[in-house]
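Reviewing the structure listed below.
The values are calculated or read from the model by the stated rules, or taken from the named source; none is laboratory data. Bear in mind the structure is a predicted one, so any value in this text is a computation, not a measurement. FYI the Cβ positions are ideal-geometry reconstructions off the backbone, even for glycines, and counts take in every protein chain you see.
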Amino acid sequence: MGVAVLDEVLEHVPAERVLRDPAVTAGLSADQAVWAPVGVPLAVVRARSAEEVRAVVAACYRHGVPVVPRGAGTGLSGGANATDGCIVLGLDRMDAVVEINALERLAVVQPGVVNDDLRAAVAEHGLWYPPDPASSPWSTIGGNVATNAGGLRCVKYGVTRDYVLELEVVTGTGELVRLGRRTAKGVAGFDLAGLMVGSEGALGIVTEVTVRLRPLPPPAVTVAGHFDSLVDAGSAVRAVGAAGITPAALELVDRHCLQAVDAWKNMGLSVGAEAVLLARVDEPGATGEAIADRIVECFETAGAGWAARSTDAAEAEALFAARRLAYPALERLGPVLTEDVCVPKEHVPEMLGRIEKLAAGYDLTIANIAHAGDGNLHPLIIVAPGDDDARVRAQAAFEEILDAAIFLGGTVTGEHGVGLLKRGGLEREMAPEVLAMHRAVKAALDPRGILNPGKVFDPVGQSTE
Ligand SMILES: Cc1cc2nc3c(=O)[nH]c(=O)nc-3n(C[C@H](O)[C@H](O)[C@H](O)COP(=O)(O)OP(=O)(O)OC[C@H]3O[C@@H](n4cnc5c(N)ncnc54)[C@H](O)[C@@H]3O)c2cc1C
């Protein structure tokens, strides 16, 4: 099976981009979810064009070989992890910005364009692409579409889904199709482009993306608050929402994260607080300053030991830079099991309280970063390397956190996707009828079940020659 499919692939893709040396392919076979299982691929193919992607998927369809799409591999759920005998299809070399259209306020890009690079390219035209995952220096737009990535600014400006207009996609039968539209409005047919967003490479492989753009936002004012209790910080998040304020960012970083960033980058951030909230307000002038002052009030009323509007732009930037560095800083301490639950804002304090109790109950270190304004919490369970007993406890705590989020009316994944890590959680979150609808859609678009099998839910098709 392996030789036959590779012979066909090599008719369409030059041999130097069909990688088979296990020492090389191993480095391209996993994402950042270090707890998720990883298989051994048959090959890694680094595509340069939609036609190459189409030809590879068509060959895999004929031979029943699994295809695992891969962007930059920054995923946190195992979504891009190889399955045994698959072809990992790397899209990162398809990295051209095809069009920037200021009149229509849109950009057309290949899937391998890095998120920050798109933002920089459109900024030259006075335009802005808002979705900004903390992985924006590395993650690709194709990966962002496949995971419906969120980010820091999404609390006000929406997630990737809100910016996808049109997609070019290769289906599980190896057909190249265009879905969606370029126009401001359009309701012809079902929203199949929307269906692809967040489908984690299990319904199609994205080969081109047309995104909506906005004008550049005005400069932002930053508010910081220090809290002696994680739950009080959660109450402040709820208070900001209850006050009817929609900040341009509202992030939480706890003591564990600040200490880890300080130990790594020596930024002088460890302020002695249990948690820090960082808010951004980007309404212009006096309006923005008034909203920032109201956020300070919300923080103080909720119990902040200190809260203030930042007067120093460099200091404000450093605080947000520290937020973005929190995850890699924690990874230096040991394998991190990353959660991504999202709960209604009113339940943020209770969810944070439950996480603290689970950490104590299971005798685990659970650090917290959060896109708090969205109720999207990232408890990060850290286990010392080689501590197998703690690994077992961490896995149990992981599942209990998922259950707590479901209990509070939330979801097991706000932005990272189900991948391999949250398949059990998905089964508990969704009604059997709704899971059946998922399987029916999968069977329609990927009848042999070759696209990213085993991710999100178990495969429905046969992967046989
Ligand atoms: C430090 C750090 C911070 C992060 N912060 C955030 C955050 O704030 N918000 C957030 O949402 N995520 C965040 N993430 C998670 C991750 O960056 C996102 O999920 C991102 O969208 C993945 O992009 P990628 O290019 O790395 O995709 P990969 O990890 O390569 O793949 C992710 C998934 O998409 C599929 N895929 C990739 N490309 C394609 C394609 N062209 N067509 C079809 N399927 C495809 C893969 O099969 C896989 O299922 C963070 C990760 C790290 C390491």
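Within segment 420-457, can you find the residues that are of a type in the set (D, E, K, R) and part of a loop (DSSP other than H, G, I, E, B)?
422, 446, 448, 455
Exactly one of these conditions fails for residue 39: (1) over 20 Å from residue 206 (Cα atoms); (2) surrounded by fewer than 22 Cβ atoms within 10 Å (Cβ to Cβ); (3) away from the ligand (no atom under 14 Å from the Cβ). Give me its number.
(3)
Can you find a residue that is within 16 Å of the ligand (Cβ to nearest atom), at pLDDT 95 or above and more than 17 Å from residue 219 (Cβ to Cβ) anywhere in segment 344-367? Lay out the reasoning, then the answer.
Within segment 344-367, the subset within 16 Å of the ligand (Cβ to nearest atom) is 367.
Going one step further and asking which of them are at pLDDT 95 or above, we end up with 367.
Filter once more, keeping what is more than 17 Å from residue 219 (Cβ to Cβ): 367.
The answer is yes; a qualifying residue exists.
Take the residues of segment 97-119 that are touching a residue at least 60 places away in the same chain (Cβ under 8 Å) and of a type in the set (D, E, K, R): which is surrounded by the fewest Cβ atoms within 10 Å (Cβ to Cβ)?
Residue satisfying both the conditions and the ranking: 104.
May I ask you to list pairs of residues, at least six apart or on different chains, whose Cβ atoms are under 6 Å apart, with the first in segment 46-71 being among the charged types (D, E, K, R) and away from the ligand (no atom under 11 Å from the Cβ) and the second being modelled with pLDDT of 95 or more and not in a loop (DSSP other than H, G, I, E, B)?
Listed by first residue and then by second, the contacts come to 46/17; 46/90; 54/170; 54/176.
Inside segment 120-144, can you point out the residues that are more than 7 Å from the ligand (Cβ to nearest atom) and under 19 Å from residue 194 (Cβ atoms)?
Passing the criteria: 129, 130, 131, 141.
For the structure I just gave you, tell me whether residue 29 is within 24 Å of residue 332 (Cα to Cα), within 16 Å of the ligand (Cβ to nearest atom) and surrounded by fewer than 24 Cβ atoms within 10 Å (Cβ to Cβ).
yes
For residues that are in a loop (DSSP other than H, G, I, E, B) and touching a Phe, Trp or Tyr at 6+ places or on another chain (Cβ under 9 Å), scanning just segment 152-173, find the one that is nearest to residue 107 (Cα to Cα).
For segment 152-173, the residue satisfying everything is 152.
Give segment 35-70 a look and list any residue that's out of contact with any helix residue (DSSP H, G or I) (no Cβ under 8 Å at 6 or more places or on another chain) and of a type in the set (Val, Ile, Thr), or say none.
38, 53, 57, 68
Looking at this structure, is residue 184 assigned to a loop (DSSP other than H, G, I, E, B) and at pLDDT below 95?
yes
Go through 317, 356 for me and flag whichever is of a type in the set (Asp, Glu), touching a residue at least 24 places away in the same chain (Cβ under 8 Å) and in a helix (DSSP H, G or I).
356
Just need a number here: residues in segment 33-46 that are touching a Pro at 6+ places or on another chain (Cβ under 9 Å) and over 14 Å from residue 85 (Cα atoms).
Result for segment 33-46: 2.
Tell me the residue from 348, 383, 418 that is outside the structural domain of residue 245 (by TED's automatic domain parsing) and buried (at least 19 other Cβ atoms within 10 Å of the Cβ), please. Please lay out each step first, then the result.
Values: 348 fails: outside the structural domain of residue 245 (by TED's automatic domain parsing); 383 fails: outside the structural domain of residue 245 (by TED's automatic domain parsing).
Answer to the check: 418.
Quick one: which of 183, 173 is within 30 Å of residue 8 (Cα to Cα) and away from the ligand (no atom under 14 Å from the Cβ)?
Just one listed residue meets the conditions, 173.
How many residues are surrounded by fewer than 19 Cβ atoms within 10 Å (Cβ to Cβ) and either at pLDDT below 95 or part of a helix (DSSP H, G or I) (or both) if we restrict to segment 399-415?
5
Mind telling me which of the residues 37, 41 ends up being out of contact with any strand residue (DSSP E or B) (no Cβ under 9 Å at 6 or more places or on another chain) and assigned to a loop (DSSP other than H, G, I, E, B)?
Unique residue meeting the criteria: 37.
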